[in-house]
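Visitor: Have a look at this one.
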Amino acid sequence: LTRERYPVRRLPFSTVSKQDLAAFERIVPGGVVTDPEALQAPNVDWLRTLRGCSKVLLRPRTSEEVSHILRHCHERNLAVNPQGGNTGMVGGSVPVFDEIILSTARMNRVLSFHSVSGGLRPGGAEPVCGGTGLHHAAGLRSQGQLPHRGKRGNQRWRPAVSSIWLTAWDCPGPGSGCPGFAEVLQTFSTCKGMLGEILSAFEFMDAVCMQLVGRHLHLASPVQESPFYVLIETSGSNAGHDAEKLGHFLEHALGSGLVTDGTMATDQRKVKMLWALRERITEALSRDGYVYKYDLSLPVERLYDIVTDLRARLGPHAKHVVGYGHLGDGNLHLNVTAEAFSPSLLAALEPHVYEWTAGQQGSVSAEHGVGFRKRDVLGYSKPPGALQLMQQLKALLDPKGILNPYKTLPSQA
Ligand code: MLT
Ligand code: ZN
């Protein structure tokens, strides 16, 4: 575990007493974990760069149990850190100090599924989709009151049909300095025009990502080597219609010369194989060394400029500088790897990356959230008034500030 030092002080919350443990045992019989060995993993984040020192983990099964736990914690001024899969990228899911870990692992039952509306009611929480079950289980229940039931969350629906296509771009002439990202963008706009309503993903990754996935995970690229790769997915309701449209697009893209190679998948095995190349980049980066991660929203035309800029700026100080992400959302995952954490490399990256992003009116957190890592840079993409409002809203729902303290909101605001 590589540990960074953060200048954070423990807030004056209570510490868990024998009486608290007895109370928790009454609320969740058999769901109170205090074994230090069992507490190791939930104290460490997925990237293995942050570590808390919680001594208690609770495993409720129902909203009522969560409610009772939170009522007790509120009365006793005990801080609580909710935790789901603990796969977060910004340290939002692990305790900073000794916060009680409230695990949702046992809230995994589907209580009801409405086939007409597509609404799902998991684990005793509110009807939610897309892993947002924690919102009500934690956010609104600091005083142990259950929010009004029956409200529908946003329901995201994803059809099962999908075909994907992986493409490669050629660099127009060695040493020309053109990275080919312009062609990626051109293909993106053509793609939107031709696949419109059935397009469900447009992902890109650069050559270094593909090399790292090959080196660390032994995944082979099914297309020829190239500066950029794109993964396109469609999810229409008629597979034949999807394939026909994708076929036209493929023909057009190859014919126009923007794309040098491509492969298409409709069977699940190959679909999975292509997605693995893109989805496992994070894992490959983690095996490459210490990772500095940035999750930025940027205007697509400027999206890759920061990657090129950083390669020049960092030179040999960085092991690798890579760019990949959800181009369809204007979301760049900018990652820098090094042999180990180094304060001087951090100083070369920050605040430069954030200032650059602010200069593009971008956002310092696109999809990973703010958590522990990004809370003090939120000001680069939110005005002071918005931060104040966020603080006020949080105080309204969580007057003692016991819910996931040290996260999301800036330490000074
Ligand atoms: C991804 O898009 O692969 C995930 O957000 C994880 C990451 O950014 O590393
Ligand atoms: Zn992502």
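Visitor: Name the residues in the stretch 289-310 that are out of contact with any His (no Cβ under 6 Å at 6 or more places or on another chain) and either within 20 Å of G88 (Cα to Cα) or of a type in the set (G, A, S) (or both), would you? Before you say what the answer is, go through the steps one by one.
Guide: First pass over the stretch 289-310, keeping only residues out of contact with any His (no Cβ under 6 Å at 6 or more places or on another chain): 289-294, 296-310.
Scanning the stretch 289-310 gives G289, Y290, V291, Y292, K293, Y294, L296, S297.
Visitor: Next question. Looking only at the stretch 239-256, filter to residues that are among the acidic types (D, E) and more than 19 Å from Q224 (Cα to Cα); which one of those is surrounded by the fewest Cβ atoms within 10 Å (Cβ to Cβ)? Break it down into steps so the answer makes sense when it comes.
Guide: Quick first cut of the stretch 239-256, residues among the acidic types (D, E) only: 242, 244, 251.
With more than 19 Å from Q224 (Cα to Cα) added as a condition, the list becomes 242, 244.
On the way: D242: 22, E244: 11.
Ranking the qualifying residues of the stretch 239-256, first place goes to E244.
Visitor: Please state which one of G133, G88, G193 is among the small types (G, A, S), modelled with pLDDT of 90 or more, crowded, with 16+ Cβ neighbours inside 10 Å and under 30 Å from T234 (Cβ atoms).
Guide: Of the residues listed, the single one that is among the small types (G, A, S), modelled with pLDDT of 90 or more, crowded, with 16+ Cβ neighbours inside 10 Å and under 30 Å from T234 (Cβ atoms) is G88.
Visitor: Can you name every residue in the stretch 323-340 that is within 15 Å of V208 (Cβ to Cβ) and within 13 Å of ligand 2 (Cβ to nearest atom)? Before you say what the answer is, go through the steps one by one.
Guide: If we filter the stretch 323-340 for residues that are within 15 Å of V208 (Cβ to Cβ), which is where we start, we get 323-325, 332-338.
Once the filter is applied, which keeps residues that are within 15 Å of V208 (Cβ to Cβ) and within 13 Å of ligand 2 (Cβ to nearest atom), the stretch 323-340 yields G323, Y324, G325, L332, H333, L334, N335.
Visitor: If R313 meets every condition in (1) within 21 Å of Q412 (Cα to Cα); (2) touching a His at 6+ places or on another chain (Cβ under 9 Å); (3) of a type in the set (K, R); (4) away from ligand 2 (no atom under 16 Å from the Cβ) apart from one, which number is that one?
Guide: If we test R313 against (1) within 21 Å of Q412 (Cα to Cα); (2) touching a His at 6+ places or on another chain (Cβ under 9 Å); (3) of a type in the set (K, R); (4) away from ligand 2 (no atom under 16 Å from the Cβ), just (1) comes out false.
Visitor: Additional query: Select the helices (runs of 4 or more DSSP H) contained entirely in the stretch 1-117, then report the ones holding at least 1 residues which are touching a residue at least 60 places away in the same chain (Cβ under 8 Å). Before you say what the answer is, go through the steps one by one.
Guide: On the way: elements: 18-27, 36-43, 63-76.
Output list reads 36-43, 63-76.
Visitor: Are any of the residues in the stretch 201-210 under 30 Å from S286 (Cα atoms), modelled with pLDDT of 85 or more and in contact with a Lys or Arg (Cβ under 7 Å, 6 or more places away or on another chain)? Quick ask: steps written out before the conclusion?
Guide: Let us first name the residues in the stretch 201-210 that are under 30 Å from S286 (Cα atoms), namely 201-210.
Still in the running and modelled with pLDDT of 85 or more: 201-210.
Keeping just the survivors that are in contact with a Lys or Arg (Cβ under 7 Å, 6 or more places away or on another chain) gives 203, 205.
So far as the stretch 201-210 goes, yes, one or more of its residues are under 30 Å from S286 (Cα atoms), modelled with pLDDT of 85 or more and in contact with a Lys or Arg (Cβ under 7 Å, 6 or more places away or on another chain).
Visitor: Same structure, new question: For the stretch 183-228, how many residues are of a type in the set (A, V, I, L, M), outside any helix (DSSP H, G or I) and either at positive phi or more than 24 Å from the chain's Cα centre (by Cα) (or both)?
Guide: Here is the first cut: in the stretch 183-228, the residues of a type in the set (A, V, I, L, M) are 184-185, 194-195, 198-199, 201, 205, 207-208, 210, 212-213, 217, 219-220, 223.
Right, trim to outside any helix (DSSP H, G or I) and you get 199, 201, 205, 219-220, 223.
Among the residues that remain, those that are also either at positive phi or more than 24 Å from the chain's Cα centre (by Cα) (or both) are: 220, 223.
Residues flagged as of a type in the set (A, V, I, L, M), outside any helix (DSSP H, G or I) and either at positive phi or more than 24 Å from the chain's Cα centre (by Cα) (or both) within the stretch 183-228 amount to 2.
Visitor: Quick check on my filter: what residues within the stretch 185-205 are free of Cβ contacts under 8 Å to residues at least 12 places away in the same chain and more than 19 Å from G247 (Cβ to Cβ)?
Guide: So the first thing to find is which residues in the stretch 185-205 are free of Cβ contacts under 8 Å to residues at least 12 places away in the same chain, and the list is 189, 192-193, 196.
Of everything in the stretch 185-205, just one residue is free of Cβ contacts under 8 Å to residues at least 12 places away in the same chain and more than 19 Å from G247 (Cβ to Cβ), namely S189.
The values are calculated or read from the model by the stated rules, or taken from the named source; none is laboratory data. As the structure is a prediction and not an experimental result, all values here were calculated from the model. Reconstructed Cβ throughout: ideal geometry from the backbone, glycine too, with neighbour counts over all protein chains shown.
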